[in-house]
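Here the structure is laid out as C-alpha cells; the discussion comes afterwards.
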Amino acid sequence: MSGMSWDERLSPTVKMIAPSGIRKFFDIAAEMDDVISLGVGEPDFVTPWTIRESCVYGLEQGYTSYTANRGMAELRDEIARMHDERYGIKYDAKTEALVTVGVSEALDLALRSIIAPGDEVLIPEPCYVSYSACTVLAGGVAVPVPSRIENEFRVTPDDLAARLTEKTKALLIGYPNNPTGAVMTKDDLLAIARFAEEHDLIVISDEIYGDLTYGGEEHVCFAALPRMKERTILLNGFSKAYAMTGWRIGYALGSPEVIAAMTKIHQYAILCAPVTAQVAAIEALRRGDKYMRKMVAEYDRRRSFIYDGLTKIGLKCFEPKGAFYIFPDITSTGLTSNEFAEGLLKSEHVALVPGSAFGECGEGYVRCSYATSLDEIDEAIKRIGNFVKKHSK
Ligand code: PLP
C-alpha cells in the first residue's frame, strides 16, 4: 500500500498512552560501561533450585500441553490453600481463581472485565506504571489520588473522597507500594474498606509485594477484611517473592462472576498461562517459602543499608516498609526528577527511575531498587553522593 501512514491509522487510545518511563533510561544505560542499575524492579536472585528443578522434571514427564484456561487445578488448589493458611480467607479453587501471565495480565483482565466506557477508577499515586495505562486502554478514566511523604505515602478516605464522582466505579490499590515502599496498616485498610462499602466501589488490590514486608510489619490481605471478599479482585503472583519474573505467572481471586468474566477474555486472548511455569509455581507454593524468607531477609539488610546511605548523603527519605524500593526526595538539588536521573546516569553511571514515571505527585523523587548486591548499592550511594554534592544549592 503506497503512502500509507500508520500514525493516522493507529488506535487513538493507544496513541494517548505514553511508553513506560521505567524503560526509557535503560536504552541509554545499555550502551554504557560500568553502569550500576538501581532501575529495574526485579530480584537479583535466580529462582530457587527446587522450583527450577520441578520445571525440568515436569518437562521430562511430558508437561508440554495446554492446561485448563483457568490454570492447572493443582496450582489453583495451592493458591487457595495458601490464602486460607496465611490470611484465613477461603476461595473456591474451581470458581474463584484464575491463573494468568503475571499480575500484568491479571490487572488488565480485571480492568477490562469491569469497566464500561467512561467509568472512573481511583488510583492512589505514586504507583506502578501500568495502573493508569491499563485503565485507559480498557476504556476507563484513571483518576489519580496523590499520596504524600508526610503521611508515609499512605492513602486515606479523605484523599479518595476528594476525587470521588458519580462515575467512580473502582479503586485500584497496590500495597506494599511500588515505588515508595509504603504499606498500609490494618486500620488504614479498614478505613478504606468502609469507604469502598459506603460508595459501593469495586476494589482491585495488587498484592504482588505482600510477602516483602519488613520491620515486623505483617501484610494485611485486603480481601480478608470483613465483607471485602465479595467486592475485591485480589491480584498476586510469583515474580517478586520467588524471584520468578521471567516465568510469567500470576493469578486473580474474586467472586465467581468476575473470575468467569476475566476467564472469558483470557480464554480468547491468551488461552492459558505456560504449563512449564505453572508446574514450577506449584513447587514454589509447596516448598519455596524457606527460600523466599531468606531472600526477604537479604532485602531487609539492603533496605537498612540504602536508607542509611541515602540519608547520610543528604537526601530526605521515607524509610520503606515493604517491596524493594526506596523513594528519596531530590528537590534539594533543584533538579527535576528527569534531570536528576539523566544527569546521574550520564555523569556517574547510575541508573534509577524518575519519580514522575509513577504519577505527577512522584515529581521531586527518584525510585531506587535495592534488589541488587550490597557492594553495588554501596558504590551507587557514593556516586549519587558525588552527584548530589555537585548540585546542592
Ligand atoms: N504490580 C506491581 C506493583 C509491580 O511492581 C509489577 C512489576 O514490577 C507488576 C504488578 C507486574 O508483575 P508481573 O511480573 O507478575 O507481571
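Of note:
- One residue stands out among those in the stretch 171-186 that are within 16 Å of the ligand (Cβ to nearest atom) and not in a loop (DSSP other than H, G, I, E, B): the one that is surrounded by the fewest Cβ atoms within 10 Å (Cβ to Cβ), which is ILE173.
- Where helices (runs of 4 or more DSSP H) fall entirely within the stretch 1-51, none has at least 3 residues that are closer than 30 Å to ARG286 by Cβ and of a type in the set (Gly, Ala, Ser).
- Per-region count, the stretch 86-141, residues within 16 Å of the ligand (Cβ to nearest atom), closer than 14 Å to SER205 by Cα and of a type in the set (A, V, I, L, M): 8
- In the stretch 106-131, the residues that are assigned by TED's automatic domain parsing to the domain that holds ILE208 and aromatic (Phe, Trp, Tyr) reach residues that are assigned to a helix (DSSP H, G or I) and within 12 Å of the ligand (Cβ to nearest atom) with C-beta atoms within less than 8 angstrom, at least six apart or across chains, in these pairs: TYR128/PHE358; TYR131/LEU107.
- Number of positions in the stretch 212-260 that are surrounded by 17 or more Cβ atoms within 10 Å (Cβ to Cβ), in a helix (DSSP H, G or I) and more than 9 Å from the ligand (Cβ to nearest atom): 7
- Enumeration of residues in the stretch 149-164 that are free of Cβ contacts under 8 Å to residues at least 40 places away in the same chain, of a type in the set (A, V, I, L, M, F, W, C), more than 19 Å from PHE327 (Cβ to Cβ) and crowded, with 17+ Cβ neighbours inside 10 Å: LEU160
- The residue list GLU42, GLU74 contains one member that is at negative phi and in contact with a Ser or Thr (Cβ under 6 Å, 6 or more places away or on another chain), which is GLU42.
- Here GLU31 passes the criteria (1) out of contact with any Phe, Trp or Tyr (no Cβ under 9 Å at 6 or more places or on another chain); (2) surrounded by 14 or more Cβ atoms within 10 Å (Cβ to Cβ); (3) modelled with pLDDT under 95 except the one numbered (2).
- Residue within the stretch 69-76 that is away from the ligand (no atom under 16 Å from the Cβ), over 17 Å from VAL279 (Cβ atoms), open to solvent by 10 Å² or more (accessible area, probe 1.4 Å) and in a helix (DSSP H, G or I) present: no
- Residues of the stretch 300-321 satisfying the condition of being more than 13 Å from ALA380 (Cα to Cα) and buried (at least 21 other Cβ atoms within 10 Å of the Cβ): ARG303, LEU315, PRO320, LYS321
- Qualifying position, being within 26 Å of THR185 (Cα to Cα), of a type outside the set (Asp, Glu), in the same structural domain as ASP33 (by TED's automatic domain parsing) and more than 16 Å from the ligand (Cβ to nearest atom), among SER332, SER304, SER337, SER347: SER304
- Candidates VAL14, VAL40 - the one that is modelled with pLDDT under 90, open to solvent by 20 Å² or more (accessible area, probe 1.4 Å) and either closer than 27 Å to MET262 by Cβ or not charged (D, E, K, R) (or both): VAL40
The values are calculated or read from the model by the stated rules, or taken from the named source; none is laboratory data. In this text, all values refer to a predicted model and were calculated from it rather than measured experimentally. Counting neighbours? That spans all protein chains shown, and the Cβs are built from the backbone with ideal geometry, glycine included. Just the protein is used for accessible areas: all its heavy atoms, side chains included, with ligands, DNA and RNA removed. Shrake-Rupley method; radii C 1.70, N 1.55, O 1.52, S 1.80 Å.
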